[in-house]
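First up is the structure itself, then whatever we jot down about it.
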2 protein chains.
Amino acid sequence: MQRVFEALSSAVRRKILAYLAHSELSAGEIAGRFSMSKPSISQHLSVLEAAGLIVREKRGQFVFYRQVEDSLLNTLNGFVQEACPVGRPLRRESAALAEVRRREAADADGSDRS
Amino acid sequence: MQRVFEALSSAVRRKILAYLAHSELSAGEIAGRFSMSKPSISQHLSVLEAAGLIVREKRGQFVFYRQVEDSLLNTLNGFVQEACPVGRPLRRESAALAEVRRREAADADGSDRS
DNA sequence: ATAACAATTAGGTAATTACCTAAATAAGGT
DNA sequence: ACCTTATTTAGGTAATTACCTAATTGTTAT
């Protein structure tokens, strides 16, 4: 948890995570998206890896990085539940989701709309 | 956003937020929960305030702090949407929420809106 | 074997952060 | 007015962080 939040405290690292949201990328491809030295990016990648947010996989000459599914979400969610005065917003969303599903179920059963 | 994540990168500050989840507290009451000097806690409180996560209100001799509802959640949510590959579960919740609100609005005013 | 490329490690510096104590500001009680 | 309590500001130090360049390691191709 500590490591995750430390990792997220850097704009560069958050941006890296955003890039990795869409597909895995090699260290070089990531570095190419920033105007910063490769060693610096490499260091940011280790921080993200140490936080358990991404994993590395060496394939031949390249090292590919990809996000660890859910690890970010789980941490943030866990934190919100105890730190958000009213985890209510999220709970409200969940309730909203349930509500939509109920209506969809009802719709599927016969009624129509738009 | 930057300030929020920086604020959250400290365990002490996350703990302060957790305390403020339940009720407002004076600076002294907060400091009393930590084995750390009051000035240090005061500084942590400014960081949280600068991030927009809490607000201060002076009443008499005391300064009370309380969380700003939703500001934490909104930031985290916004971030997750672009950084989490599987932000999908959450995105689905948000979409569901938006959908419910659209329907509620429609139900309430009865006007058409294609 | 050598060259070229990919990535990391090593080592150093500047800037930031987290703490502390002491001093200042502000409000209340006597 | 004076003393106490609540909190913040000032100022300083130690530890951490973010960056850089240069050197190293590992892989692929000639």
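Screening residue A:56 on (1) more than 10 Å from DNA strand C (Cβ to nearest atom); (2) in contact with a strand residue (DSSP E or B) (Cβ under 7 Å, 6 or more places away or on another chain); (3) open to solvent by 50 Å² or more (accessible area, probe 1.4 Å) shows it passes everything except condition (1).
Selection within segment A:16-39: residues that are without any contact (Cβ under 8 Å) to a residue 24 or more places away in the chain and either among the aliphatic types (A, V, I, L, M) or within 11 Å of DNA strand D (Cβ to nearest atom) (or both). The member of this set that is nearest to the other protein chains (Cβ to nearest Cβ) is A:18.
For the structure I just gave you, tell me whether residue B:50 is open to solvent by 30 Å² or more (accessible area, probe 1.4 Å) and under 20 Å from residue A:8 (Cα atoms). Judged against the criteria, residue B:50 is a match. Just one of the listed residues (B:98, B:108) is open to solvent by 30 Å² or more (accessible area, probe 1.4 Å), more than 12 Å from chain A (Cβ to nearest Cβ), more than 11 Å from DNA strand D (Cβ to nearest atom) and at pLDDT below 85, namely B:108. How many residues are among the hydroxyl-bearing types (Ser, Thr, Tyr) and open to solvent by 50 Å² or more (accessible area, probe 1.4 Å) when one looks only at segment B:1-40? Here the count works out to 4.
What do you reckon, is residue B:56 more than 9 Å from chain A (Cβ to nearest Cβ) and more than 11 Å from DNA strand D (Cβ to nearest atom)?
Numbers: more than 9 Å from chain A (Cβ to nearest Cβ): yes; more than 11 Å from DNA strand D (Cβ to nearest atom): no.
So residue B:56 fails the test.
Taking the condition in a strand (DSSP E or B), more than 14 Å from chain B (Cβ to nearest Cβ) and open to solvent by less than 60 Å² (accessible area, probe 1.4 Å), does residue A:64 pass? Before the answer, list the steps.
Numbers: in a strand (DSSP E or B): yes; more than 14 Å from chain B (Cβ to nearest Cβ): yes; open to solvent by less than 60 Å² (accessible area, probe 1.4 Å): yes.
So residue A:64 passes the test.
Per the conditions (1) open to solvent by 50 Å² or more (accessible area, probe 1.4 Å); (2) more than 9 Å from chain B (Cβ to nearest Cβ); (3) at pLDDT 90 or above, the sole criterion not satisfied by residue A:44 is (1).
Looking at segment A:1-45 only, could you name the residues that are of a type in the set (Phe, Trp, Tyr) and in contact with a Leu (Cβ under 7 Å, 6 or more places away or on another chain)? Steps first, please.
Looking only at segment A:1-45, we keep the residues that are of a type in the set (Phe, Trp, Tyr), and these are A:5, A:19, A:34.
Across segment A:1-45, the qualifying residues are A:5, A:19.
The values are calculated or read from the model by the stated rules, or taken from the named source; none is laboratory data. Because the structure is a prediction, the values reported are computed rather than measured. Reconstructed Cβ throughout: ideal geometry from the backbone, glycine too, with neighbour counts over all protein chains shown. Heads up: the accessible areas ignore ligands, DNA and RNA and are worked out on the full protein's heavy atoms, side chains in. Shrake-Rupley method; radii C 1.70, N 1.55, O 1.52, S 1.80 Å.
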